[in-house]
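The structure appears right after this line, and notes come after that.
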Amino acid sequence: MQSEQSAGGYIVLKDINCGDVNKEQIGNSVTVAGWVNRRRDHGNLIFIDLRDREGVVQVVFNPELASGAHTIAESLRNEWVVQVKGRVTERPEGTINTDISSGEVEVYAEELVILNESKTPPFYVNEDGDIDEGLRLKYRYVDLRRETMKDALITRHNIVKFIRTFLNDKQFLEIETPILIKSTPEGARDHVVPSRLYPGSFYALPQSPQQLKQLLMVAGFERYFQIARCFRDEDSRADRQPEFTQLDLEMSFVEQEDVLKLTEDLFTELLRELFPEKSFMDPFPRLSYDSAMKDYGVDRPDLRFDMKLAEVSEDLQDTEFQVFNNVLAAGGTIKGLVASGCADFTRSKVDELTEFVKSRGASGLISIGISSHNESLLDLDMSHVRSNIQRFLTPEHVTRLAGRLNAVNGDLILL
C-alpha cells in the first residue's frame, strides 16, 4: 500500500486517528495505522482492536470481501504495527461498545500492510495489572504504551500548556536559565559535572533557579516564569527525588497578597478547565503556621480530614499516670483527637498506629475507645471504656475528654 498525501502536503501513513473514527465517517474509505491492541479469531472473521494515541477502533477482516488482507491478518499478534485501509460501517445492533469513542462503528479492511512485527511483550499493554517497576523501567518504551502512562503524559502536557497561557495573559515572560552554573549553597547537596576545559573544576546543576531569577528581577524584567528542571543530590523520599520539574516564577513591585492571589487563581482556574469533575475549596483557606501547628501538628495539613487536635492537659492533670505527670511537670502539653466510629479497633491496629506516630517523632500513643450502650455518656462507667491506660482513668476523666473533643459513643480518642 502506498502512503497517501494529506491536505497539508505531508506524506502520511494514515488519514484519520483510530479514536476519531465515528458515525460521521460511515460509508467513507479511511486509512488508519497503529498497534494491534487485541486480536480475536472467530473462524471466518478476524477482529483486531487497532490502537494509536487517540484511541482504539475495531477492524474486521472478512475473507469474502478482502481475501488477501484476511490471509495476512491470520499472522497478526499483539503490539504489531500495521496500516489498514477500509470502509467505515455501523456496528450491528447489540455489538456497540460504549467504552470507546469509536464504539458505534467498525472498519471493514480492504488492504493490510504489516509495518513492524513485535516479539511477545514482557507484560500486557492492554491491561492495568500490578507490574514490577524494574521490569517497567527496563522496557520503558512498552510501559509508555499503557493507557495510564499515556493519560499521565497527556495530562502533564495540558497542565503545562494551561500554565503558559495563563501566565502569558498576566504579562509574565518565560525565560530559560542556565543548567551548568557555579555551586551556590542551598538546602541539599549539588550534583556536579566535571569541566573538560578546566580539569579539577566542576559545574553544579541548579537545585532551583533561585539566584538566576533574582538577577532577572534586578535587571528589570519584573515578571518571569519557567517550567524548570531542578536537581538535588539527596536520597529519594515520598515527595522528593533527585531530579524533578517545578513551576518557578518571580515578581517585582508586589506584596505578599499579590503572590498568593496569583497562585490561587492559577490553580483554581486550572482545575476548573482541566478537571471539572474535581471539587476544591474556593477561596483557599488561609492558615498561619502557628494555627496549623496548634490544630494539626504539621505545617501542611490535609484538610479533607476534619480531625483537629485539642489540648487536654487540664482534663488529665489529676491522673496517677506518671507519663502525663512528667510531661506536664516539664511544661509540655497533652493533645488529642477523635477517630470517629473506631472504638472497636483491635489491639494490633492500635499498635500499628502507635508505631506510625513514633516513626514521626511522637513518644507514644494513648487510645481510649468508648462503647457505651447508651447514646449519652452521662452514666458512663469503665466497663464501657477500653484503653491501654485504663487503670489510671476514671469515668470523670473519660467524660471530660469526650466533652473537650466532641467524642460520642463508638469513637476512639487518641492522645
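The values are calculated or read from the model by the stated rules, or taken from the named source; none is laboratory data. Because the structure is predicted, anything quoted here is derived from the model rather than measured. Reconstructed Cβ throughout: ideal geometry from the backbone, glycine too, with neighbour counts over all protein chains shown. In case anyone asks, the SASA skips ligands and DNA or RNA and just uses the protein heavy atoms, side chains included. Shrake-Rupley method; radii C 1.70, N 1.55, O 1.52, S 1.80 Å.
A few points about this structure:
- Between 0 and 90°, nearest 10: helix 256-274 axis offset from the chain longest Cα axis: 50
- Sorting F162, F61, F280 on solvent-accessible area from highest to lowest, probe radius 1.4 Å, gives F280, F162, F61.
- Most fluctuating residue given options L115, L167, L271, as computed from a GNM of the chain linking Cα atoms under 10 Å: L115
- Apportionment of accessible area to carbon and sulfur, region 28-121, percent (1.4 Å): 45
- Accessible area (Å², 1.4 Å probe, nearest 10) - S363: 120
- Across K138/K349; K294/K358; K170/K294; K150/K261; K213/K294; K213/K261, pairs whose alpha-carbon gap is larger than 27 Å: K138/K349; K170/K294; K150/K261; K213/K294
- Spacing of the modelled spin labels on T333 and T120, each 7 Å from Cα toward Cβ, amounts to 6.3 nm.
- Per residue, region 288-415 exposes 61 Å² of solvent-accessible protein surface, assessed with a 1.4 angstrom probe and all protein chains in place.
- Distance between the pseudo-spin-label points of Q256 and T394 (7 Å out from Cα toward the beta carbon): 4.6 nm.
- Per residue of the chain, the DSSP helices (runs of n ≥ 4 H) give a summed -39500 (n - 2.57) that works out to -8000 deg cm²/dmol at 222 nm.
- Cut-off 20 Å, label 7 Å out along Cα→Cβ of E174, residues of region 203-234 by amide N: 208-210, 212-214, 216-217, 221-231
- Among the trypsin sites (Lys or Arg not before Pro) in region 102-147, those located in a DSSP loop and surrounded by at most 15 other Cβ atoms within 10 Å of their own Cβ are K119.
- Rounded to the nearest 10 degrees, the angle from helix 395-405 to the longest Cα principal axis of the chain is 50 degrees.
- Heavy atoms of V36: accessible area, 1.4 Å probe, square angstrom to 10: 0
- Within the accessible area of region 214-360, the carbon and sulfur atoms contribute 50%, probe 1.4 Å, all protein chains present.
- Between R38 and E90, the C-beta separation translates, for a Förster distance of 25 Å, into a calculated FRET efficiency of about 0.75.
- Counting only residues at least eight positions apart within a chain, or on another chain, the aspartates and glutamates with an alpha carbon under 16 Å from that of K182 are D190, D233.
- Convex hull of region 261-372 built on C-alpha atoms - directionally averaged projected area, nm²: 10.5
- Compared with the direct C-alpha span, the chain from V357 to F321 gains 10.9 nm at full extension, assuming 0.36 nm per residue.
- The share of Cα pairs per 10 Å bin across the chain, counted from zero up to the longest distance, runs 4, 14, 16, 16, 18, 17, 10, 5, 1, 0 percent.
- The residues of region 143-222 expose on average 69 square angstrom of accessible surface per residue, using a 1.4 Å probe on protein heavy atoms.
- Dipole magnitude of region 171-301 about its Cα centre (Cβ charges: Lys, Arg +1; Asp, Glu -1), debye to nearest 20: 520
- Exposure of T346 as accessible area (Å², to 10), given a probe of 1.4 Å and all protein chains: 80
- One decimal place: the segment E64-Y141 gains 24.0 nm when fully extended, by the rule 0.36 nm per residue minus the C-alpha distance.
- Range of Cα positions in region 206-339 per principal axis (Å), largest first: 65, 38, 32
- Listed by chain and number, the lysines placed with their C-alpha closer than 24 angstrom to that of K85 are K14, K23; residues fewer than eight positions away on the same chain are left out.
- For the chain, the longest principal axis of the alpha carbon atoms and the long axis of helix 147-169 meet at an angle near 80°.
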